[in-house]
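The values are calculated or read from the model by the stated rules, or taken from the named source; none is laboratory data. Note that the coordinates shown come from a computational prediction; the quantities given were computed from them, not determined experimentally. Neighbour counts are summed over all protein chains in view; Cβ atoms, including those assigned to glycine, are modelled from backbone coordinates with ideal geometry.
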Amino acid sequence: MDVLLVEDEPLLADQVQRAFSRAGHELRVARDGPSAWSLLKAGRFDLVLLDVNLPGMDGFELLSKIRDAGMPVRVMMLTARSEVGDRVAGLKGGADDYLTKPFAMEELLARVEVLGRRNVAPENQVVYKVGDLSMDVGKRKVHRGDRRIELSPREFEVLEVFMREPGRTFSRDEICERIWEREHEYDTRTVEIFIMRLRRKLDRTGEESLIRTVRSVGYVMKASS
């Protein structure tokens, strides 16, 4: 896997680089936001490990540029353990995952392996449809009618859970289990943020949401009536 680490702490960057090299991953390091953006525009990466506090351009600004440019790269935010607001802001801004500092290198590598497995394109060309919403799994494309909908990799995975079984109600715990494989604990706020992101992208103004809340249970996808 080709990974870009955006981290301005030299000691931590060196530790991560050595660990990833031993695990067989290609990893490049950028020490500030502008340098990372230049590397992202020049080459293709599978994953970005993105610190929040960076010189030149902070992690949230860089994340916004990545998503505005439609880059399909996965982004894992690296946040301080006490900064819950940073984690929420990162998820709302388009991050696919987060990891709090300080972290064990084994956990970081395990998370990367999970993200890598989910980044492999399926062999079969499967297309799901719910109403006027269609998902081409092989090409990783989503359309609502004639409108192309750009999704982050994690948003795509959450939507695929619903598209596979429209009409079925999923609890927040089940969504966590299917998407994150319980490799670490997530609170319900994480699922709510991804549902909010999907609704903002999928639904037209004034229409009932395709992903509906079932009070005290979870969420269900139904075509607009």
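Data overview
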read-out	value
Cβ pairs under 6 Å, 6+ apart, first in region 8-28 and at negative phi, second polar (S, T, N, Q) and surrounded by 14 or more Cβ atoms within 10 Å (Cβ to Cβ)	LEU27/GLN17
Test result for ARG87, in the same structural domain as ILE193 (by TED's automatic domain parsing) and either out of contact with any Cys (no Cβ under 8 Å at 6 or more places or on another chain) or modelled with pLDDT under 90 (or both)	no
Yes/no for ARG154 being modelled with pLDDT under 95, surrounded by 14 or more Cβ atoms within 10 Å (Cβ to Cβ) and touching a strand residue (DSSP E or B) at 6+ places or on another chain (Cβ under 8 Å)	yes
Among the residues listed as LYS222, LYS201, the single one being under 18 Å from the mean Cα position of the chain (by Cα) and touching a residue at least 40 places away in the same chain (Cβ under 8 Å)	LYS201
Selection count, region 1-14, where residues are outside any loop (DSSP other than H, G, I, E, B) and farther than 16 Å from MET76 by Cβ	3
Complete set of residues in region 210-221 that are over 12 Å from MET163 (Cβ atoms) and part of a loop (DSSP other than H, G, I, E, B)	ARG215, SER216, VAL217
THR100 surrounded by fewer than 21 Cβ atoms within 10 Å (Cβ to Cβ), of a type in the set (Ser, Thr, Tyr) and either in the same structural domain as ILE179 (by TED's automatic domain parsing) or in contact with a Ser or Thr (Cβ under 8 Å, 6 or more places away or on another chain) (or both)	yes
Exclusive hit being farther than 18 Å from TYR98 by Cα and either among the charged types (D, E, K, R) or touching a Phe, Trp or Tyr at 6+ places or on another chain (Cβ under 7 Å) (or both), set ARG74, ARG28	ARG28
Condition check for VAL214: surrounded by 14 or more Cβ atoms within 10 Å (Cβ to Cβ) and among the hydrophobic types (A, V, I, L, M, F, W, C)	no
Flag for ARG154 being outside the structural domain of VAL114 (by TED's automatic domain parsing) and over 17 Å from GLY90 (Cα atoms)	no
Residue ID - farthest from LEU39 (Cα to Cα), chosen from residues in region 68-100 that are touching a strand residue (DSSP E or B) at 6+ places or on another chain (Cβ under 8 Å), in contact (Cβ under 8 Å) with a residue 24 or more places away in the chain and charged (D, E, K, R)	ASP86
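For (1) among the aliphatic types (A, V, I, L, M); (2) surrounded by fewer than 21 Cβ atoms within 10 Å (Cβ to Cβ); (3) more than 22 Å from PHE156 (Cα to Cα), each residue gets a yes or a no:
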{"position": "LEU4", "(1), (2), (3)": "yes, no, no"}
{"position": "ASP14", "(1), (2), (3)": "no, yes, yes"}
{"position": "GLY43", "(1), (2), (3)": "no, yes, yes"}
{"position": "LEU54", "(1), (2), (3)": "yes, no, yes"}
{"position": "GLU83", "(1), (2), (3)": "no, yes, yes"}
{"position": "MET105", "(1), (2), (3)": "yes, yes, yes"}
